[in-house]
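Data block below; observations after.
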Amino acid sequence: MNKFTSYTTVASMNQWIRVWKNSFVIATALGVLILAIAIIGLNDLSSNAQSAGKTQLQWYGQSAFKLTTPEGNVLLIDPWIENPINPDGKTIIATLNKVDLILVTHGHFDHAGNAVEIAKKTKAKLVSTYDLGQAMVHHSGYPKDLVGFETQGNFGGEVTLLNGEVKVAYIPAVHSSSVASDGSPANFAGNPGGFLISVKNGPVIYHTGDTDLFSDMKLIPQFRKVNLMLTCIGGQFTMGPLRAAEAVKLVNPSTVVPMHYGVFNLPGTPAAFSQALQRQGVKSQMKVMKVGEVLKL
Ligand SMILES: [Zn+2]
């Protein structure tokens, strides 16, 4: 073996050791990365699996819903529970003992509904615009101590509630709003709205309140994907099936539930809404709820 040969042999051996070391480092790093991705993936799956179906939404007719979160918080939205298409209204109110928040979109009686009596019983705080909150305290008797800064807001804003489990964003609506108590003239109650409700480990729900179609609805999913849209379809006082179908197209939720029909002889029906969705090529799935039915989300 000459000097040259021995030098090249040693050099190539060193090179092999370096290559082997580098490969070992790369393989180890890859292994750690794959393991990390797997763990994150498993966690993701398990948290989805754990939370899936733990949010429950019950319809009481008109625009009234009960939302129960994975942590067991209870929210009522537009709680006109004693409405003409809900035969169990009285019993439901009598047995509603835990309510954390009451969300009211505007002051009309078919939305504010039974909010005051339920609040008095359960101490549920009012989530509404500031103006509607004031109107409900002064003209409807909503307990003043349950209408505080924490749960009041206005359009463009969002409140974080229930130790961060629920966020409620204030969405405008094209409608009107006033509060009237038996026979007295209607009182100013601010501008009407809807709510975008985001539940931690749960769905994002858009409740339209009473509204016409408006093109700014398309901005909603730019900020947060909507899983479920609860839309008025009755017509006459709000958008009807055709315009509601166009609204669904703009919001693009995974699922849409029609509401605010079947009362006061409103002309809009789920059948007409279904046809309009199909005709207008809307991809969202429609779910017609029965009064009292519970959806697991
Ligand atoms: Zn209404």
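Since every read-out is calculated from the coordinates, none of them should be taken as a lab result. This structure is a prediction, so every number in the text was calculated from the model and none was measured. Quick reminder, even Gly has a Cβ in these numbers, built from the backbone with ideal geometry, and neighbours come from all protein chains shown.
Considering only DSSP beta bridges where both residues belong to segment 54-296, give the percentage that are antiparallel (nearest 5). Can you show the working numbers first?
Working: 29 of 47 bridges.
DSSP beta bridges in segment 54-296 are roughly 60 percent antiparallel.
I need to check one value: relative contact order of segment 54-296, counting alpha carbon pairs closer than 8 Å and at least 6 residues apart, in percent. Each step should come with its number before you reach the end.
Numbers: 601 pairs, mean separation 40.1, N = 243.
In percent, rounded to a whole number, it is 16.
Local charge sum around H175 (other residues, Cβ-Cβ under 9 Å, Lys/Arg +1, Asp/Glu -1)? Before the final figure, lay out the partial values.
Values: positive: none; negative: D210, D212.
Overall, the nearby charge balance is -2.
Given H placed 1.01 Å from N in the peptide plane, which residues other than close sequence neighbours of A64 have an amide H under 5 Å from its amide H?
The list, which skips near neighbours in sequence, is W80.
With just the Cα atoms defining each centre, how far is segment 232-282 from segment 183-208? Give it in Å.
18
If Lys and Arg each add +1 and Asp and Glu each add -1, what is the summed charge of the other residues whose beta carbon sits under 12 Å from the beta carbon of K54? Please report the intermediate quantities before stating the final value.
Details: positive: K200, K296; negative: E71, E165.
Once positives and negatives cancel, what remains is 0.
Using a 10 Å cut-off around each Cβ, can you sort K249, K290, K123 from fewest to most neighbouring Cβ atoms? Write down the numbers at each step before the final one.
Values: K249 17, K290 8, K123 13.
Lowest count first: K290, K123, K249.
Among I102, I233, which comes first, then next, by fewest other beta-carbon atoms within 10 Å? Walk me through the numbers on the way to the answer.
Details: I102 28, I233 31.
Starting with the residue having the fewest Cβ neighbours, the order is I102, I233.
Apply the Karplus curve 6.51 cos²θ - 1.76 cosθ + 1.60, θ = phi - 60°, to the phi angles in segment 190-202 and return the couplings in whole Hz, x for Gly and Pro.
Per-residue couplings from phi come out as x, 8, x, x, x, 10, 10, 9, 10, 9, 4, 6, x Hz.
For Q236 and N201, FRET efficiency with R0 = 45 Å and r from the beta-carbon atoms, rounded to 0.05? It would help to have the intermediate numbers written out before the result.
Values: r = 39 Å, r/R0 = 0.86.
So, using R0 = 45 Å, E works out to roughly 0.70.
Using a cut-off of 13 Å between beta-carbons, work out the net charge of the residues near D110 (Lys and Arg +1, Asp and Glu -1, D110 not included). Don't skip to the answer; put the middle values down first.
Numbers: positive: none; negative: D78, E82, D210.
In short, -3.
Starting with the fewest neighbours, write out V168, V282 ranked by other beta-carbon atoms found within 10 Å of each beta-carbon.
Working: V168 25, V282 21.
Lowest to highest Cβ neighbour count: V282, V168.
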